[in-house]
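Student: Once you've had a glance at the structure underneath, I'll fire off some questions.
Every read-out reported here was derived from the displayed coordinates using simple, explicitly stated rules and does not represent laboratory data. For clarity, every value in this text was computed on a predicted model and none was experimentally measured. Please note: Cβ atoms are built from the backbone with ideal geometry, for glycine as well, and neighbour counts cover all protein chains shown.
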Amino acid sequence: MMQVRNAIQKYRPLRAGIRIFQGAMDKPGTIGLFGKSADGRFWLVSCYHVLIRPPGWNGAPPQDGEAIYQPEIKPANKIAAVDPSRANKTLDCAAALLEPGIDAVPEILGLGSIGSAALPAVGMRVTKSGSATGVTEGMIRRIQGDTVRIEPLQGFPADYELSQQGDSGALWIEQSTGAAVALHRRGETGQGEFAEATAIGPVLTALGLTLWTGT
């Protein structure tokens, strides 16, 4: 299993599963995947509340071009810039344009290559790599609209952690194929361990991107 401390290191080229920060906030998130726009530009994808603003934010409103940093907020660590037109608050997803000279690979730290997008299905076994809890696995137990609910596998310890703060934006992939399934957005709130994510198809459509798998 990937050690969590590895996800908070500096990676060039970038890859999914590593820690990022939005310059206007001091809360970590995770790169979920990389997308490609019709004009050939590359974007990192994470949650709206990671790249734009979290719920209940009382500070300055989001601005075009706000910086995204990896692995911490320092001028030399700027990797991307936010474009509020490629964001969807309802689906909790957003994209940031990679800076010139910043390269990426279509891989997830600790999990390897990202496969093509797949529809989530109840009973599907999935795994993710997040910057807070590293590699964890579970099973899709419920799908309601675009929301996917993931729970620990039967027989796992009662205190098994699927996710924690900082994992937001991580990509849940089908364990057997590596196919992209859903973008992680939050974990449990005292009702038993679970994770909630947004199906990847609607995310990519809302952001106007295609999933980059290296081809």
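Student: Multiply the residue separation of GLU188 and ASP64 by 0.36 nm, subtract the distance between their alpha-carbon atoms, and state the gained length in nm to one decimal.
Tutor: 41.5 nm
Student: Quote the relative contact order of the chain in percent (integer), defining contacts as alpha-carbon pairs under 8 Å separated by 6+ residues.
Tutor: Relative contact order, the chain: 23 percent.
Student: Now for a separate question. Mind giving me the FRET efficiency for SER85 and THR210? R0 is 25 Å, r the Cβ-Cβ distance, nearest 0.05 is fine.
Tutor: With a Förster radius of 25 Å, E is 0.90.
Student: In what sequence do THR90, THR215 fall when counting other Cβ within 10 Å, fewest first?
Tutor: With the fewest neighbours first, THR90, THR215 line up as THR215, THR90.
Student: I need the calculated FRET efficiency for the pair THR147 and TRP57, taking r as the beta carbon distance and R₀ as 25 Å, to the nearest 0.05.
Tutor: 0.70
Student: Provide, for the chain, the number of lysine pairs with alpha carbons under 24 Å apart, each pair being eight or more places apart or on different chains.
Tutor: Lysine pair count for the chain: 14.
Student: Next question. Determine the percent antiparallel among the DSSP beta bridges restricted to the range 57-215, to the nearest 5.
Tutor: Antiparallel bridges make up about 95 percent of those DSSP assigns within the range 57-215.
Student: In µm²/s, what is D for the range 102-157 at 25 °C and 0.890 mPa s, where D = kT/(6 pi eta Rh) by Stokes-Einstein and Rh is the Kirkwood radius from Cα pairs?
Tutor: 189
Student: Express as a percent, rounded to the nearest 5, the fraction of DSSP beta bridges in the range 112-202 (both residues included) that run antiparallel.
Tutor: Taking every DSSP beta bridge with both residues in the range 112-202, the antiparallel ones total about 95 percent.
Student: P(r) for the chain, please, calculated from all Cα pair distances in 10 Å bins and given in %.
Tutor: Distribution as computed: 9, 39, 38, 13, 1 percent.
Student: Short version: what are the Cα gyration tensor semi-axes of the range 46-102, square root of 5 times each eigenvalue, largest first, in whole Å?
Tutor: 20, 13, 10
Student: Follow-up question, since we're still on this one. Within the range 53-126, report the GluC sites (Glu not before Pro) that DSSP leaves as loop and that have at most 10 other Cβ atoms within 10 Å.
Tutor: Here no GluC sites (Glu not before Pro) fit, given the DSSP loop and packing criteria.
Student: Right, something else. Just want the ordering: HIS49, HIS184, from fewest to most Cβ atoms lying within 10 Å of their own Cβ.
Tutor: HIS49, HIS184
Student: If the viscosity is 1.567 mPa s and the temperature 4 °C, what Stokes-Einstein diffusion coefficient in µm²/s follows for the range 112-202 when Rh is the Kirkwood radius over Cα pairs?
Tutor: 102
Student: While we're looking at this one, here's another question. Dipole of the range 112-202, Cα-centred, from +1 at each Lys and Arg C-beta and -1 at each Asp and Glu C-beta, to the nearest 20 debye?
Tutor: Here the range 112-202 has a charge dipole of around 220 debye.
Student: Next up: Can you tell me, using C-alpha contacts under 8 Å and at least 6 residues apart, the relative contact order of the range 112-202 as a whole percent?
Tutor: It rounds to 32 percent for the range 112-202.
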